[in-house]
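Read the structure below first, then the notes.
The values are calculated or read from the model by the stated rules, or taken from the named source; none is laboratory data. For clarity, every value in this text was computed on a predicted model and none was experimentally measured. All Cβ positions, even for glycine, are placed from backbone atoms using ideal geometry, and neighbour counts span all protein chains on display. Only protein heavy atoms, including side chains, enter the accessible area calculation; ligands, DNA and RNA are left aside. Shrake-Rupley method; radii C 1.70, N 1.55, O 1.52, S 1.80 Å.
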Amino acid sequence: MPNERIFILAIESSCDDTAAAVLQNDKVLSNVVANQLIHNQYGGVVPELASRAHQQNIVPVIDAALKKANVTKEQLSAIAFTQGPGLMGSLLVGSSFAKSMAIALQIPLIAVNHMQAHILAHFIDEEGFDKPTFPFLALTISGGHTQIVRVDDYFAMEIIGETTDDAVGEAFDKSAKILGLPYPGGPLVDKFAQEGNPNAFVFTKPKIPGLDFSFSGLKTAILYFIQKQVAANPNFIEENKADICASIQQTIIEILMDKIKLAVEETGIKQVAIGGGVSANSGIRKTLKDAEAKYGWKTYIPKFEYTTDNAAMIGIVGYQKYLNKSFETAAVISKARTQF
Ligand code: KG4
Ligand code: ZN
């Protein structure tokens, strides 16, 4: 098996990005993502529009991924797709396509959990990026999830902490909305924060016991703070945008770091990997990198293109499942909500 060349076509369509990738074993040959800009004007993802856009994008995106990889569909060993969690209408587009293609080509079909994929993206073979060794802690932070996961093996994972309300991505996006920034606001908060003073404003952090998180209170605190300031000075946001963004980002980073420090203390595991769209945040990436020298941890930060939703991460799970012969029949169902 080690010398065998396995080609996996991976499809990701859980939310608002239509993505396809081709992997040869654990190496990415192509990784194509079509973002759906239609949602920007609505200030959030509109599920019905997402499904329709997936329908339009899926054939060209898969075609582009195969062409870029220089792999024909006849060479494919298996097709991997996101089974869940995600928006049902969006998931159905990717899963139906994957099923039909696997049946037509008579090759195995592999169902992948989106959150496991964010974690296992670290096992993509990339120059300059180390792969974590087991056990490690994974902090998965996205628009839909905020979890601390203990990872003992590729498929032996346990959620040891998670959000009790909003996900951290929502905290970024909702704060950005309060500041009048367009959706998705996370990357914009990050951009403005780079020019600002993170200690300019102080927001109260939630007091949630154990390893769980809460972000809804922060959003409310930011809303009241901004309303009060704007009442006194209508130009407050414009005049202080960088400082506000830097302070919000700093508070979110502190909330995440407090919990991850506690998780390291409780488990004794000093290897920390991050995944999910919010791990694209430059402040979070820097803080975690600095934690190596500061706390003696080993931290793993994925290549930028494997942090936000992508199909390469679905492909790496597909490859591992291919090695385990963990295949599905076409009767496999999509699951909007699914644990590991
Ligand atoms: O993993 P992802 O692409 O999709 C979900 O599965 O949710 O994550 C999207 C989330 C959005 O909330 C977006 O604002 C946030 O990731 N995000 C960021 C940054 N880039 C993306 N948040 C903060 N800073 C960033 N640079
Ligand atoms: Zn995601």
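Normalised radius of gyration (Cα atoms, divided by 2.2 N^0.38 Å) for region 130-301: 1.05. Size descriptors for region 40-178, from the alpha-carbon set: Rg then Dmax equal 17.5, 51 Å.
The gain in end-to-end length when the residue 292 to residue 35 segment is fully stretched comes to 89.1 nm, 0.36 nm per residue minus the alpha carbon separation. Solvent-accessible area of region 68-224 (1.4 angstrom probe, protein heavy atoms only): carbon and sulfur portion equals 53 percent.
When DSSP beta bridges are restricted to pairs lying wholly in the chain, around 60% turn out antiparallel. Going through region 126-230, which GluC sites (Glu not before Pro) have at most 13 other Cβ atoms within 10 Å and a DSSP loop state? Listed in order of number, the matching sites are 127, 195. In region 130-301, the DSSP beta bridges split such that about 60 percent are antiparallel, to the nearest 5.
The alpha carbon centroids of region 68-110 and region 310-328 are separated by 11 Å. Computed from the alpha carbon atoms alone, the convex hull of the chain holds 131 Å³ per residue. A Cβ-based charge dipole, computed about the Cα centre of region 226-340 with Lys and Arg at +1 and Asp and Glu at -1, lands at about 420 debye. Selection among 53, 137, 43 by position relative to the dipole of the chain gives 53 as farthest towards the positive end (Cβ unit charges, Cα centre). Estimated purely from DSSP H runs of n ≥ 4, each contributing -39500 (n - 2.57), the mean residue ellipticity at 222 nm for the chain is -14000 deg cm²/dmol once divided by its residues. Near residue 50: Cβ cut-off under 11 Å, other residues only, Lys/Arg at +1 and Asp/Glu at -1. The net charge is -2. Under a 5 Å amide H cut-off, with hydrogens placed 1.01 Å from N, residue 29 pairs with 22, 23, 24 among residues at least 5 apart or on other chains. Here's how it looks for residue 212: its modeled amide H is under 5 Å from those of 162, which are all 5 or more places away or on a different chain.
One chain, two ends: residue 75 and residue 339. Fully extended at 0.36 nm per residue, the span grows by 91.8 nm beyond their Cα-Cα distance. Out of region 173-219, which trypsin sites (Lys or Arg not before Pro) are coil in DSSP terms and have no more than 14 other C-beta atoms within 10 Å? Taking region 173-219 and a limit of 14 other Cβ atoms within 10 Å, the loop trypsin sites (Lys or Arg not before Pro) found are 207. Each 5 Å bin from 0 upward holds the following percent of the Cα-Cα pairs of region 237-340: 2, 9, 14, 17, 16, 15, 12, 8, 4, 2, 1, 0. Here the peptides 148-154, 89-95, 113-119 are ranked by packing, the mean other Cβ count within 10 Å, and the order with the highest first is 113-119, 89-95, 148-154. Against the chain, whose longest principal axis comes from its Cα atoms, helix 312-323 is set at around 40 degrees. Working from label points 7 Å from Cα in the Cα-to-Cβ sense, the residue 238 to residue 254 distance is 3.0 nm. Expressed per residue, the C-alpha convex hull volume of region 13-64 stands at 76 Å³. Our estimate of slack between residue 127 and residue 48, defined as 0.36 nm per intervening residue step minus the Cα-Cα distance, is 24.5 nm. Each label was represented as a point 7 Å from its Cα along the Cα-to-Cβ direction; for residue 324 and residue 191 these points are 4.0 nm apart. Taking label positions 7 Å along the Cα-Cβ direction at both residue 63 and residue 156, the computed distance is 4.6 nm, reported to one decimal. Using a probe of 1.4 angstrom and keeping all protein chains present, the accessible surface of region 245-340 works out to 41 square angstrom per residue.
Placing a label point 7 Å from the Cα of residue 265 along the Cα-to-Cβ line, the residues of region 117-153 whose backbone N sits under 18 Å from it are 137, 148-149. Against the main long axis of the alpha-carbon atoms of the chain, helix 216-232 sits at an angle near 40°. Could you give log10 I(q)/I(0) at q = 0.16, 0.17, 0.19, 0.29 Å⁻¹ for region 203-247, computed by the Debye formula over C-alpha point scatterers of equal weight, without solvent? So the normalised log intensities are -0.51, -0.56, -0.65, -1.07. Taking each of 259/286; 131/321; 68/131 in turn, the alpha-carbon distance never tops 27 angstrom. Please identify, among 146, 267, 18, the residue showing maximal mean-square fluctuation in a Gaussian network model of the chain using a 10 angstrom Cα cutoff. Highest fluctuation of the listed residues: 267.
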